[in-house]
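To start, the structure itself, in C-alpha cells.
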Amino acid sequence: MENSAGIQASLSGRYATALFELARDSQRIETVEDSLGKVREALSESDEFARLVASPLVTRAQAVKAVTAAADAMQIDSLTAKFLGTVAENRRLAQIPAIIRDFRMLAAAHRGETTAEVTSAHPLTSAQVDALKAQLRTRVGRDVALDLSVDPDLLGGLIVRIGSQMIDSSIKTRLNSLAHAMKG
C-alpha cells in the first residue's frame, strides 16, 4: 500500500491500521467504512458529539458510555462500535477524525484507489462528485476515492489534495492572489 508506512507512523494511523486489519480479516472493510462515515457525519452535524470527542474534561467512563450510546443511535456495526469504545477508554477520542481519514486511505489503497481530499465551499451534488471522480481518474490514471469536506470560507471552487499534489481553484485563493498582485 502506497501510504501505509506513513500512516502507521502516526498515532491515528496506528489505530486506523488496527481497525483496518480487523475489518479486512473479518471481510467487513466496506461495513466499517460506512459506519465511520456515519461517525464523521455526526461530528460535523452535532456540536454536542464534536464537543464530547474534543473535550479532555470528560472522564473515561463518561466517554465510553456516551460513545456507546452514540454508536447505538447511529446504528453502526459492532466492530466499529467496539473500536470506538476502545478509543474512548484509551482517551483518544480527539483522534477520531484523523483515524477516519487514515482508515479511508487504507481502504482505498486496498481497493487499488487513490484518495483525494476535496474541500468545497458548498456540498457537492452526486453528479458533481461523479464528474470530479472522472476528471481525477483521467489525471492520475486510476480510480479515486473522494474524502469530501465543506468550508464556506472558500466562497466557491474547490481545493483538491492527492498525495503531495494540491489543486486550489477556490475563489478565496484567487481573491487573495489578486489582492497581492494589486499591492505589488
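The values are calculated or read from the model by the stated rules, or taken from the named source; none is laboratory data. Owing to the predicted nature of the structure, the values given are computational and were not obtained by experimental measurement. All Cβ positions, glycine included, derive from the backbone under ideal geometry; neighbour counts span all protein chains shown. For the accessible areas, the whole protein counts, side chains as well, though only heavy atoms, and no ligand, DNA or RNA atoms are used. Shrake-Rupley method; radii C 1.70, N 1.55, O 1.52, S 1.80 Å.
Let me confirm something: among Ile159, Ile96, which residue is among the β-branched types (Val, Ile, Thr) and in contact with an Asp or Glu (Cβ under 7 Å, 6 or more places away or on another chain)?
Ile159
Looking at segment 80-93, can you tell me whether even one residue there is open to solvent by 70 Å² or more (accessible area, probe 1.4 Å) and part of a strand (DSSP E or B)?
Among the residues of segment 80-93, not one is open to solvent by 70 Å² or more (accessible area, probe 1.4 Å) and part of a strand (DSSP E or B), which makes the answer no.
When segment 133-170 is examined, which residues are found to be open to solvent by less than 70 Å² (accessible area, probe 1.4 Å), in a helix (DSSP H, G or I) and more than 25 Å from Glu33 (Cβ to Cβ)?
Scanning segment 133-170 gives a single hit, Leu154.
Only one residue in Asp102, Asp72, Asp77 is of a type in the set (Asp, Glu), in contact with a helix residue (DSSP H, G or I) (Cβ under 9 Å, 6 or more places away or on another chain) and under 21 Å from Leu11 (Cβ atoms), so which one is that?
From the options Asp102, Asp72, Asp77, the qualifying one is Asp102.
Looking for something of a type in the set (Asp, Glu) and at pLDDT below 90 - is there at least one such residue anywhere in segment 91-104?
No, there is no match, as no residue in segment 91-104 is of a type in the set (Asp, Glu) and at pLDDT below 90.
Could you look through segment 24-55, keep only residues that are over 17 Å from the mean Cα position of the chain (by Cα) and surrounded by 15 or more Cβ atoms within 10 Å (Cβ to Cβ), and pick out the one that is nearest to Arg111 (Cα to Cα)?
Taking the candidates together, the pick is Arg28.
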